[in-house]
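What follows is a structure written as structure tokens; I'll ask about it next.
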Amino acid sequence: MGTYIKGINGRFTGKVGSTVGSQWKGISVMKSLPDFSNHKASKKQLAHRAKFRLATKFLQPLYPVIQLGFKNQDSLKSPQNAAMSELMKYTIEGEYPDYKVNLNNLVLAVGSLKGTNRPSVEANGEEVVFTWRYNASSDEMFKDNGVILVAIAEGYYPEYTIGQNVRSEGTASMYLPDAPPGTVVHCYIAFAAMDDTNRVSNSVHAGTVIIPEEG
């Protein structure tokens, strides 16, 4: 794919020969049509497709988190594509076809906003309680940052909250994923400036909790 400056006949969209012209985020883009063939996919191609499928399936239920967490990463990539790239390069592990997401290395937000300080998590009934250190003298200008909380249990639908709490509270809670007792839940926290800047902090793996027995 390539970008171009409009020529004497202006921008074009649609297909001309083997070239397709289109507009993306106000940028004129040209790309060639795919070269279809009957050749059997190589192991490398199959491995890439398997990673892509896993990444797509994993990120889909986290779409609102990703939209905010990767919003400012790359002007030529959508937040979803930036998150996909991060996940496929650094977080999916294993050998084809046995890939899995390393939840300890998962990144859900990348940004320059001040991050969390000394986060911890604890299970409390059906909820997980997050705590972090808030220093009024040094964190005053960030006190109204919204909190992004995410709880993920492998194989189950994740839970998350965005902006329901603020940094100055120092603690927040959310529901655990709907998974059986004994399931390990990975917990993540990040902050977001809930204004027009869309600035976020890097997400942090705050720890794990075990879903407790009922009653």
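Calculate the FRET efficiency for Tyr157 and Asp196 from the Cβ-Cβ distance with a Förster distance of 25 Å, rounded to the nearest 0.05.
Values: r = 31 Å, r/R0 = 1.25.
Using R0 = 25 Å, I get an efficiency of 0.20.
Which of Lys43/Lys100; Lys77/Lys100; Lys114/Lys143 have a Cα-Cα distance over 22 Å?
Values: Lys43/Lys100 18 Å; Lys77/Lys100 24 Å; Lys114/Lys143 11 Å.
Result: Lys77/Lys100 exceed 22 Å.
Can you work out the base-10 log of I(q)/I(0) for the stretch 160-209 at q = 0.32 1/Å, using the Debye formula on its C-alpha atoms alone?
Relative scattering, expressed as log10 I(q)/I(0), comes to -1.40.
Normalised by the residues of the stretch 137-203, what does the relative contact order come to in percent, with Cα pairs under 8 Å and at least six apart? Before the final figure, lay out each step's value.
Numbers: 118 pairs, mean separation 23.8, N = 67.
Reported as a whole number, the value is 36 percent.
If the stretch 121-215 were replaced by its equivalent ellipsoid, with semi-axes equal to the square roots of 5 times the Cα gyration tensor eigenvalues, what would those be, largest first, whole Å?
Details: eigenvalues 140, 37, 19 Å².
Working from the Cα gyration tensor, I get semi-axes of 26, 14, 10 Å.
Right, another one. Using 0.36 nm per residue, how much length does the chain from Asp74 to Lys43 gain when fully extended, once their Cα-Cα distance is taken away?
Values: separation 31, 0.36 × 31 = 11.16 nm, distance 3.01 nm.
Extra length available between Asp74 and Lys43 comes to 8.2 nm.
In addition: Taking a ≥ b ≥ c as the square roots of the Cα gyration tensor eigenvalues, with a/c under 1.5 meaning rounded and otherwise prolate when a/b beats b/c, else oblate, which class fits the stretch 65-203?
oblate
How charged is the neighbourhood of Glu159? Take every other residue with its Cβ under 14 Å from the Cβ of Glu159, and add Lys/Arg as +1 and Asp/Glu as -1. The partial results should precede the final answer.
On the way: positive: none; negative: Glu126, Glu127, Glu154, Asp178.
Result for the neighbourhood of Glu159: -4.
Every number in this text was worked out from the coordinates using simple rules, so none of it is lab data. Since the structure is predicted, the reported quantities are computational estimates derived from the model, not experimental observations. A quick note on method: Cβ atoms are made from the backbone with ideal geometry, for glycine too, and the neighbour counts reach across all protein chains shown.
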